[in-house]
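The values are calculated or read from the model by the stated rules, or taken from the named source; none is laboratory data. Keep in mind that this is a model prediction, so the values were computed, not measured. Cβ sites come from the backbone with ideal geometry, for glycine too, and all protein chains shown count toward neighbours. Accessible surface areas use protein heavy atoms only, side chains included; no ligands, DNA or RNA. Shrake-Rupley method; radii C 1.70, N 1.55, O 1.52, S 1.80 Å.
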Amino acid sequence: MSGESTDRATGGLPSMFERYKIPLGLVVLVVALRPLITSEMVLGYNAIASKMLIMMLFVAGFNLLFGYTGLLSFGHAMFLGFGIYIPAILVLNGAWVLPAGGNITFLVGVILALAAVAVYGYLLGTLIVGMGEIYFALLTLAFSQAIYFIVLRNPGELTGGSNGLTQGTLPDFVEQTRGEIAIEAFGLSLDWYWAVAVVFLLGMLALWQIVRSPFGRSLVAVSENEQLARAMGVDTTSYKIWSVTFSGVFSALAGVLLMIQNSGAAIENLSVFTSGDTVLMAVLGGVNYFFGPVVGAFSWLFVEDFLTNFELWQFPLSEVTFVTVDLSDILVYWQFLLGALFVVVVLTAPEEGIWGYIRSVASWLRKRMQQVRA
Amino acid sequence: MSSTLDARTRMQRLLSERSPAALLGALAGVLLLGNAAVQKPGLFIDQAIGGLVYGMILVMISLGLALVLGLMGVVNFAHGALFMLGGYFTYATMASYGLPFWAALLIAPIGVGIVGIVIEVVVLRRLYGKEPIIGLLATFGLTLMIEEAARFVWGASAVQPAKPEFLTGGTDLIVTQVGTYRLFTVAVSTISVAGVYYLITKTDFGLSVRAGVQDGEMTEFVGVNLPLRFTAMFFLGSAIAGLGGALRVVEFGIDPGAAEEFVLLAFVVVVIGGVGSIFGSVLAGLLVGWAQFLVPVVLSALAIVTGVSAINVQGISDIIPFLVMIVVLLIRPRGLFGEEGLLE
């Protein structure tokens with residue numbers, strides 16, 4: 001970080017870059033992600049890129065609560081579930097006056113889902129933020145499990161129980177041809193990845209604005225030293241409640257995208273495993289940083305897809321092979337290695353993660369370069 | 001922990017301090033249970049024993065969790081994985097090595113205890129005195145590893161060893177028949193829970209561990225090898241969870257998902273009972289077990305009496321533990337017998 005002060009002193013382009021590096025990074029990410037990830041060399045199919053963006057948004061929403069406010073939610077899948085199920089149910093059944101399957105029904109569903117999550121998050125926060133962080137983790141888990149079981153029971157034939165909702169949950173403007181999704185609106189056709197990218201960018205920029213606003217700074221103050229913050233007149237309880245609310249809304253937004261991506265609602269997205277994966281992704285990526293969840297979600301999904309498809313380890317190259325090891329039996333169990341990595345990360349630097357590691361290596365390199373130049 | 005010592009006085013105080021509303025609620029509960037017992041006596045006894053068996057298994061898991069949480073301040077998410085390993089070790093001893101059930105009942109808890117020691121020495125020792133959240137995260141990672149290892153060795157689907165011959169039959173109680181194995185489970189778990197409870201509250205070993213929790217430096221100063229005691233404590237907690245797994249696998253089988261399912265329930269039990277209170281965990285375990293099995297009976301009996309079939313909610317038993325926990329925490333945030341200020 002030694003270069004920062006000199007950049008700011010010179011003004012102009014470098015300082016602008018310094019100031020807007022997060023939005024710039026997001027745009028670069030969105031533009032570069034799909035060509036890189038979907039090429040034959042790497043994963044080789046399209047849907048993974050949009051799924052990555054969706055999960056990044058979801059985990060970033062989660063991290064507003066964990067990384068910035070210091071509240072660990074072990075039941076974040078419920079917020080995702082609100083975003084998945086409410087629009088799907090509305091589109092499928094139609095509302096009282098709205099036609100089933102209509103675009104307006106879907107938009108109403110989205111607004112309703114976000115509003116419901118906001119109200120639910122606010123009430124939940126009011127009930128449980130005051131009890132300490134372990135209780136917060138366990139209570140979010142309990143609430144999320146309760147919701148999971150309710151959805152599983154299929155009340156009023158609305159949620160589809162363990163089968164989820166698979167038919168007719170998409171609004172009219174979503175076109176599906178052989179597994180590829182496109183958005184048809186105003187006579188234009190937009191590829192699904194770019195539609196996700198737009199929502200992703202808007203969502204992440206809103207998050208970024210929240211994080212760097214006085215509100216976001218107060219959240220950090222609450223998590224760094226709650227007593228000090230309270231002594232200085234910050235109403236910590238109220239900030240925590242609003243953090244739960246915002247975090248829930250962003251997660252529900254990701255849920256809406258996930259519903260279209262999977263063209264339906266699956267009960268697995270509500271389960272405790274989804275909540276657990278969310279925590280894993282955030283911590284692996286590095287909860288201290290805005291880009292931590294992005295890196296975490298990326299590595300998690302990449303490893304999941306790459307390693308489970310990766311069967312032969314050929315050394316040194318596939319053209320000139322000296323050693324071939326069949327890894328397919330072992331790599332199916334990639335979660336074991338990831339679990340081990342996770343434990344190591346938590347024991348050594350729980351808030352840094354992969355992104356923190358990359359940053360420290362980068363800053364070390366920069367320092368070395370300056371020394372060499374001098 | 002003083003709470004474990006004067007549990008009886010606490011109980012008395014708890015009763016004398018109750019408000020009329022709470023007493024009315026208790027009366028309503030008794031009436032509902034009585035109604036259910038009159039309407040469906042056979043089913044009621046059946047479910048009561050089912051709840052007792054389930055509750056005792058929950059107590060066995062929660063006990064280890066409560067020990068580690070209350071005494072060492074570490075939220076051990078991996079405790080469910082240890083329970084699961086107990087089931088798998090039993091299966092391995094009986095099905096793969098052909099040893100009798102008794103041998104498995106001895107080998108499985110010891111094996112799980114050894115795994116527990118490894119976990120304690122390698123991971124948990126680094127977590128004492130740190131923020132509880134860090135412990136929760138680290139042991140969550142451990143859970144994933146153990147689950148994945150179990151899936152690697154025993155596969156993803158459930159396994160179940162054959163029930164031993166002499167426990168397969170039923171025992172005739174007047175209104176209904178109960179599997180002998182269930183009664184056996186209750187007996188074994190009661191003995192082991194009572195043993196651990198005695199060890200913690202009444203022996204010098206338990207005393208020195210509790211002293212170490214109060215003031216580690218001073219306890220070591222007077223000559224107690226504290227790390228060794230903590231490891232022994234962890235062995236004990238793991239072994240009893242392993243025994244619970246061994247008892248359950250014979251009747252219901254076990255699969256890798258059991259790790260997270262049961263650690264959740266154990267947390268619910270510990271939180272309801274109150275963090276730091278072993279007595280509270282025992283009581284809450286039974287409470288949750290019974291609530292889960294009896295509420296459906298009570299509701300269906302009530303539906304018969306009132307003629308409103310909507311009362312008989314299907315599948316409510318899965319949500320019951322969480323509902324009980326939410327209600328308890330809202331009314332009494334530190335749990336039934338918890339100490340003030342712990343983990344708050």
Inset, instruction - Please provide three numbers in whole Å: the alpha-carbon extents of region B:183-237 along the principal axes, with the largest listed first. - result: 46, 19, 14
Inset, instruction - Evaluate the Kirkwood expression for the hydrodynamic radius of the protein assembly as shown, namely the inverse of the mean inverse distance over all pairs of different C-alpha atoms, and round to one decimal in Å. - result: 27.8 Å
Legend entry - Mean ellipticity per residue at 222 nm, deg cm²/dmol - from DSSP H runs of n ≥ 4 across chain B, formula -39500 (n - 2.57): -24500 deg cm²/dmol
Inset, instruction - Rank-order B:150-162, A:292-304, A:108-120 by packing density, defined as the average count of other C-beta atoms within 10 Å over each peptide's residues, highest first. - result: A:292-304, A:108-120, B:150-162
Legend entry - Shielding by partners, peptide A:151-158 (average Cβ within 10 angstrom, other chains): 2
Legend entry - Accessible surface of residue B:130 - all protein chains present, 1.4 Å probe, nearest 10 Å²: 90 Å²
Inset, instruction - Shielding by partners for B:267-275, please: the mean number of other protein chain Cβ atoms within 10 Å of each residue's Cβ. - result: 2
Inset, instruction - Sort B:65, A:253 by accessible area with a 1.4 Å probe, largest first. - result: A:253, B:65
Legend entry - For B:319-328, mean number of other protein chain Cβ atoms within 10 Å: 4
Inset, instruction - Would you kindly derive the ³J(HN,Hα) couplings of region A:360-374 from the backbone phi angles with the Karplus curve 6.51 cos²θ - 1.76 cosθ + 1.60 (θ = phi - 60°), listing them in order in whole Hz, with x for Gly and Pro? - result: 5, 5, 4, 6, 5, 4, 4, 5, 4, 4, 5, 4, 5, 5, 6
Inset, instruction - Using a 10 Å cut-off on Cβ atoms, rank the peptides A:140-147, A:279-286 from the highest mean neighbour count down. - result: A:279-286, A:140-147
Legend entry - Tail fraction, Cα-Cα pairs, region B:49-201, threshold 20 Å, whole percent: 57 percent
Legend entry - Probe 1.4 Å, accessible area per residue of region A:103-252, Å²: 48 Å²
Inset, instruction - Run through all the Cα pairs of region B:60-331 and give the fraction in each 10 Å bin from 0, expressed as whole percent. - result: 7, 27, 33, 22, 9, 2, 0
Inset, instruction - Using a 1.4 angstrom probe on the protein heavy atoms only, line up A:235, B:204, B:255, A:305 by accessible area, largest first. - result: B:204, A:235, B:255, A:305
Legend entry - Accessible solvent surface per residue of region B:60-331, calculated while the other protein chains remain in place, 1.4 angstrom probe, Å²: 37 Å²
Inset, instruction - Taking the Cα centre of the protein assembly as shown as origin, work out the dipole magnitude from +1 charges on Lys and Arg Cβ and -1 charges on Asp and Glu Cβ, in debye rounded to 20. - result: 1280 debye
Inset, instruction - Using a 1.4 Å probe and ignoring any ligands, DNA or RNA, find the accessible area of residue A:86 and quote it in Å² to the nearest 10. - result: 40 Å²
Inset, instruction - With N set to the residue count of region B:156-250, report its C-alpha Rg divided by 2.2 N^0.38 Å to two decimal places. - result: 1.55
Legend entry - Accessible-area order (highest first, 1.4 angstrom probe) of the listed residues B:88, B:97, A:239, A:68: B:97, A:239, A:68, B:88
Legend entry - Cβ-defined net charge surrounding residue A:297, 13 Å radius [Lys, Arg +1; Asp, Glu -1]: -2
Inset, instruction - Find the sum over both chains of the accessible area lost when B and A are paired, probe 1.4 Å, and report it in Å² to the nearest 100. - result: 3700 Å²
